[in-house]
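Undergrad: Quick one: the structure is below, questions incoming.
The values are calculated or read from the model by the stated rules, or taken from the named source; none is laboratory data. Quick caveat: nothing in here was measured; it's all calculated off a predicted structure. We place every Cβ from the backbone using ideal geometry, glycine too, and count neighbours over all the protein chains shown.
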Number of protein chains: 2
Amino acid sequence: MTVKNAFYAQSGGVTAVINASACGVIETARLHPTKIHKVFAGRNGILGALKEELIDTSTLAPSLISALKHTPAGAFGSCRYKLKGLKENREEYERLIAVFQAHNIGYFFYNGGGDSQDTANKVSQISQEMGYPITCIGIPKTVDNDLPFTDACPGFGSVAKYVAVSIFEASLDVASMAASSTKVFIMEVMGRHAGWIAAAGGLAQPVALGAPHLILFPEIPFNQADFLKRVQETVNTKGYCVIVASEGVQDANGKFLAESGLKDAFGHSQLGGVAPFLAQMVKKELGLKNHWAVADYLQRAARHIASQTDVEQAYALGKHAVELALAGKNAVMPIIVRESDSPYRWHLSDVALSKVANVEKTLPRDFISADGYGITPACRAYLEPLIAGEAYPPYDHNGLPQYVHLPHQLIAKELKEDFAVA
Amino acid sequence: MTVKNAFYAQSGGVTAVINASACGVIETARLHPTKIHKVFAGRNGILGALKEELIDTSTLAPSLISALKHTPAGAFGSCRYKLKGLKENREEYERLIAVFQAHNIGYFFYNGGGDSQDTANKVSQISQEMGYPITCIGIPKTVDNDLPFTDACPGFGSVAKYVAVSIFEASLDVASMAASSTKVFIMEVMGRHAGWIAAAGGLAQPVALGAPHLILFPEIPFNQADFLKRVQETVNTKGYCVIVASEGVQDANGKFLAESGLKDAFGHSQLGGVAPFLAQMVKKELGLKNHWAVADYLQRAARHIASQTDVEQAYALGKHAVELALAGKNAVMPIIVRESDSPYRWHLSDVALSKVANVEKTLPRDFISADGYGITPACRAYLEPLIAGEAYPPYDHNGLPQYVHLPHQLIAKELKEDFAVA
């Protein structure tokens, strides 16, 4: 029996550390050449498998692979594409099997969030239901931190650090200017249905003179009258008011405050624009001079201020995914298990993909203060270790980070037919 | 004759390194106790002088002063307040003299941009026109980089680094996702009438696979049809299009694309919202999925990614301001003179405040590519040394920077009357 190859792909919104997981997968696979021959990376996630667009990582020098540890975004390309169920679109699964068979692929590593773990879970069913033997391991990744079971999701800690540091800095700026200029500052952050990223803004409070003063979570229905009252009170007592607003803030009817009307490929509404919406409200109703920022992709790509904890966990989970596969596990996702907050101690474990797929872990109510505008000590104790340590990338003499670009050289196709992706 | 005290204040929009200039002023003054007794910092800029709200920096431990070097924003508070001319508002000048006299102030150091240098210049006229002897030195500061004579303005290099690094990172993100998701990304940056900050985005081009593909400068009138054509062409050929847009982009009639209608205390329009404006246009006219970011204060407060060159120059200019005063110079501003691009060599000099006040240095046309959407090699050669080096702040074990908060303890007032600021 020939040694099987592995398929690895990146899925969903990319992060500052998903490439660190890729590095963990590839470096670990290279240590076991008698069990895993080559790692083929899918170009643009599962699309790479469907289209037979495979990047042979064995041709990439160790230094290039190692540089993935400090390079943000998805080095092999990612995708927003959700496989349908086996019964609804059997053709896609048959195509996957054809591609896997043509390239002797026996391992499937899929690196993504909730939707992607669902994809990994569906692919794992090929073994039983379609008789093609393949070991499927999901690798967690999402800035939203909304995957269940794992203590944290790689990508989140770095966004959390970016948000906490940025709002700390902006708060000092506003404090400097408030006497004669800006009174209200609003920073919009990501997190569609879970307030984890918004909560991270609260980490700055003890060091930023109490700012951010108000955090708006998707978990707490927005009450305009109460919000405006709190803004005015804060300006009256502190001289200024700093606000972190989740893009997913909703009214009591569950309607997003600023819905753009667009939907992504997973059918989720594409959000953006809560900050200018609130700024307009504050100007109109309170007449207060304000400024606002929308960090958008800057936050999830900010490898320059990545958390050391996050980079370590991202790598460890990629590494452990390979170890789990080699140990004969299947249809599982490696996870982080927290042992203690301070000092932060954790170990690796795993959980069945069927339990993970499509489950969203929102911020527990007891992580949000009673008034709904801040975080509790329990939330702080949870979050603090996740932003600890500065994992700086190396820089060129010209002042820019040395992020790596991997050539997307595709291996020769074995199949005659192209596959039209829906 | 008793040894005179000095007045120091911060003015206008704060930056990541204005406190480094404050540090240079205070540390240098402390080396000359026989010439400068104490440095009193104005609370909230010139307002501190008018209101007799003075912070005695001599009570602050050396470690606190030294920490200013790595702390963003204005540690003593800043203001947006422009003194009228001597003839128009003599009362303000009489008040300044009364406060200076009451506290034996013989030196006036004013740290700010174009408007602030105008204030410093007006104060310097007190000596001649109102018979109160005072040495006035302006210290340059502005993220807009639009002061004349000096090679660069402290604050700019750090924003430039932030913008170049951020757009590099976001470009990698978009490149990862473009196959099935976002095709156009727009980042709005500061720079009201000068495209220096937008130009800094162009520094990423050689390392970011050619992104940003389009830069919109305030110096180049916006042409909607041409812009949309370029966006579509870029998406067609590269798969995605990354855009840096200055907040000050104007149409052919000089109207800002996205004017909020508000004006600041200097009478300038308060801008913001060019990115969502363009995003809406791209969606409506081209139907392309897009994302946008508005960095706003995050960019000018981003001490965590400050440029080493910028921090060094900010400190050196503060230090030199004191040295100029002690050498008997008056009504001048210290400047950076470039000797060579690579290696970057510079020395300090000075220029008369009367020549600086209210002069705006915009991006030269030969720094902008012929098509109006990029930067030239000359621009790159100018900008590169300004973002060189990473001057990281120290961090706490909890993952946040150790920025210092100076107590704003005011010295006892000597004057009986309060002064109502207009």
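Undergrad: Can you confirm whether segment B:191-198 contains a residue that is part of a loop (DSSP other than H, G, I, E, B), at positive phi and more than 14 Å from the chain's Cα centre (by Cα)?
TA: no
Undergrad: How about segment A:301-345: which of its residues are under 30 Å from B:ALA306 (Cα atoms), over 14 Å from the mean Cα position of the chain (by Cα) and crowded, with 24+ Cβ neighbours inside 10 Å?
TA: Across segment A:301-345, the qualifying residues are A:HIS304, A:ILE305, A:THR309.
Residue-by-condition table, conditions (1) modelled with pLDDT under 95; (2) of a type outside the set (Ser, Thr, Tyr); (3) in contact with a His (Cβ under 8 Å, 6 or more places away or on another chain):
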{"position": "B:HIS32", "(1), (2), (3)": "no, yes, no"}
{"position": "B:ALA61", "(1), (2), (3)": "no, yes, no"}
{"position": "B:ASN89", "(1), (2), (3)": "yes, yes, no"}
{"position": "B:ASN104", "(1), (2), (3)": "no, yes, yes"}
{"position": "B:ASN111", "(1), (2), (3)": "no, yes, no"}
{"position": "B:THR119", "(1), (2), (3)": "yes, no, no"}
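Undergrad: Here's something else I'd like to know. Looking at (1) within 14 Å of chain A (Cβ to nearest Cβ); (2) on the phi > 0 side of the Ramachandran plot, find the lone condition where B:ASP310 falls short.
TA: Unmet condition: (2).
Undergrad: Something else now. Of the residues that sit in segment B:279-300 and are assigned to a helix (DSSP H, G or I) and surrounded by fewer than 20 Cβ atoms within 10 Å (Cβ to Cβ), which one is modelled with the highest pLDDT?
TA: Among them, the one singled out is B:LEU286.
Undergrad: Which count do you get for residues in segment B:391-407 that are surrounded by fewer than 19 Cβ atoms within 10 Å (Cβ to Cβ) and touching a strand residue (DSSP E or B) at 6+ places or on another chain (Cβ under 6 Å)?
TA: Residues meeting the conditions: 1.
Undergrad: Could you please give the count of residues in segment B:204-219 that are over 20 Å from B:THR362 (Cα atoms) and part of a loop (DSSP other than H, G, I, E, B)?
TA: Total meeting the criteria: 9.
Undergrad: Let me ask something additional. Hey, among B:ASN358, B:ASN330, which residue is more than 14 Å from every other protein chain (Cβ to nearest Cβ) and on the phi > 0 side of the Ramachandran plot? Break it down stepwise before answering.
TA: Details: B:ASN330 fails: on the phi > 0 side of the Ramachandran plot.
Only one candidate qualifies: B:ASN358.
Undergrad: Scan (1) at pLDDT 95 or above; (2) closer than 30 Å to B:PRO401 by Cα for the single condition A:PRO276 breaks and write down its number.
TA: Result: A:PRO276 passes all but (1).
Undergrad: Answer yes if at least one residue in segment B:48-68 is within 16 Å of the chain's Cα centre (by Cα) and within 14 Å of chain A (Cβ to nearest Cβ), and no otherwise.
TA: no
Undergrad: Scan A:ALA420, A:ALA391 and give me the residue that is over 19 Å from the mean Cα position of the chain (by Cα) and either more than 10 Å from chain B (Cβ to nearest Cβ) or touching a residue at least 12 places away in the same chain (Cβ under 8 Å) (or both).
TA: From the options A:ALA420, A:ALA391, the qualifying one is A:ALA420.
Undergrad: Now, a different point. Return yes when B:ASP173 is under 14 Å from A:ALA301 (Cβ atoms) and either surrounded by fewer than 24 Cβ atoms within 10 Å (Cβ to Cβ) or not hydroxyl-bearing (Ser, Thr, Tyr) (or both) and no when it is not.
TA: Judged against the criteria, B:ASP173 is a match.
Undergrad: Mind listing just one residue for me: the one in segment A:181-197 that is over 13 Å from A:THR376 (Cα atoms) and of a type in the set (A, V, I, L, M, F, W, C) and, of those, surrounded by the most Cβ atoms within 10 Å (Cβ to Cβ)?
TA: Among them, the one singled out is A:VAL189.
Undergrad: Further question on the same structure: With respect to the numbered conditions (1) surrounded by 22 or more Cβ atoms within 10 Å (Cβ to Cβ); (2) within 13 Å of chain A (Cβ to nearest Cβ), which one is the sole condition not fulfilled by B:ALA120?
TA: (2)
Undergrad: For segment A:148-159, indicate whether the set of residues that are more than 12 Å from chain B (Cβ to nearest Cβ) and among the acidic types (Asp, Glu) is non-empty.
TA: Yes, there is a match, as at least one residue in segment A:148-159 is more than 12 Å from chain B (Cβ to nearest Cβ) and among the acidic types (Asp, Glu).
Undergrad: Ok, one more. Any residue that is more than 8 Å from chain B (Cβ to nearest Cβ) and closer than 30 Å to A:TYR93 by Cα - is there at least one of those in segment A:198-217?
TA: As a first pass, look at segment A:198-217 and keep what is more than 8 Å from chain B (Cβ to nearest Cβ): A:198-202, A:205-206, A:208, A:210-217.
Okay, now just the ones that are also closer than 30 Å to A:TYR93 by Cα, so none.
No; the residues of segment A:198-217 include none that is more than 8 Å from chain B (Cβ to nearest Cβ) and closer than 30 Å to A:TYR93 by Cα.
Undergrad: So, one more: Consider only pairs whose beta carbons are under 8 Å apart and that are at least six residues apart or on different chains; among these, list those whose first residue lies in segment B:187-210 and is closer than 11 Å to B:SER246 by Cα and whose second residue is part of a helix (DSSP H, G or I) and among the polar types (S, T, N, Q).
TA: B:MET187/B:SER166; B:VAL189/B:GLN299; B:MET190/B:GLN299; B:ILE197/B:GLN299
Undergrad: Looking only at helices (runs of 4 or more DSSP H) that fall completely inside segment B:1-103, which ones have 3 or more residues that are surrounded by fewer than 24 Cβ atoms within 10 Å (Cβ to Cβ)?
TA: Qualifying helices (runs of 4 or more DSSP H): B:18-30, B:62-67, B:90-102.
Undergrad: What do you reckon, is A:ARG300 of a type outside the set (Asp, Glu), within 14 Å of another protein chain (Cβ to nearest Cβ), touching a helix residue (DSSP H, G or I) at 6+ places or on another chain (Cβ under 8 Å) and over 22 Å from B:SER166 (Cα atoms)? Break it down into steps so the answer makes sense when it comes.
TA: Numbers: of a type outside the set (Asp, Glu): yes; within 14 Å of another protein chain (Cβ to nearest Cβ): yes; touching a helix residue (DSSP H, G or I) at 6+ places or on another chain (Cβ under 8 Å): yes; over 22 Å from B:SER166 (Cα atoms): no.
No: the conditions fail for A:ARG300.
Undergrad: Return the residues of segment A:27-73 that are within 18 Å of A:VAL404 (Cα to Cα) and among the hydroxyl-bearing types (Ser, Thr, Tyr); say none if nothing qualifies.
TA: Once the filter is applied, which keeps residues that are within 18 Å of A:VAL404 (Cα to Cα) and among the hydroxyl-bearing types (Ser, Thr, Tyr), segment A:27-73 yields A:THR57, A:SER58, A:THR59, A:SER63, A:SER66, A:THR71.
Undergrad: On the given criteria, is A:ALA245 modelled with pLDDT under 90, farther than 14 Å from B:HIS291 by Cα, of a type in the set (Gly, Ala, Ser) and not in a helix (DSSP H, G or I)?
TA: It is false that A:ALA245 is modelled with pLDDT under 90, farther than 14 Å from B:HIS291 by Cα, of a type in the set (Gly, Ala, Ser) and not in a helix (DSSP H, G or I).
Undergrad: Right, here's the next one. Tell me, please, whether a residue that is in a loop (DSSP other than H, G, I, E, B) and within 14 Å of chain B (Cβ to nearest Cβ) can be found in segment A:220-229.
TA: For segment A:220-229, residues in a loop (DSSP other than H, G, I, E, B) and within 14 Å of chain B (Cβ to nearest Cβ): absent.
Undergrad: Here's another thing I want to ask about it. Against the conditions (1) within 30 Å of A:LYS4 (Cβ to Cβ); (2) at pLDDT 95 or above, where does A:GLN125 fall short? Just the number, please.
TA: (2)
Undergrad: Tally time: how many residues in segment B:153-174 are under 10 Å from the mean Cα position of the chain (by Cα) and small (Gly, Ala, Ser)? Write out each step before concluding.
TA: Here is the first cut: in segment B:153-174, the ones under 10 Å from the mean Cα position of the chain (by Cα) are B:153-159.
From what is left, the residues that are small (Gly, Ala, Ser) are B:155, B:157-158.
The total comes to 3.
Undergrad: When you go through (1) among the hydrophobic types (A, V, I, L, M, F, W, C); (2) buried (at least 24 other Cβ atoms within 10 Å of the Cβ); (3) modelled with pLDDT under 90 one by one for A:LEU147, which number turns out not to apply?
TA: Failed condition: (3).
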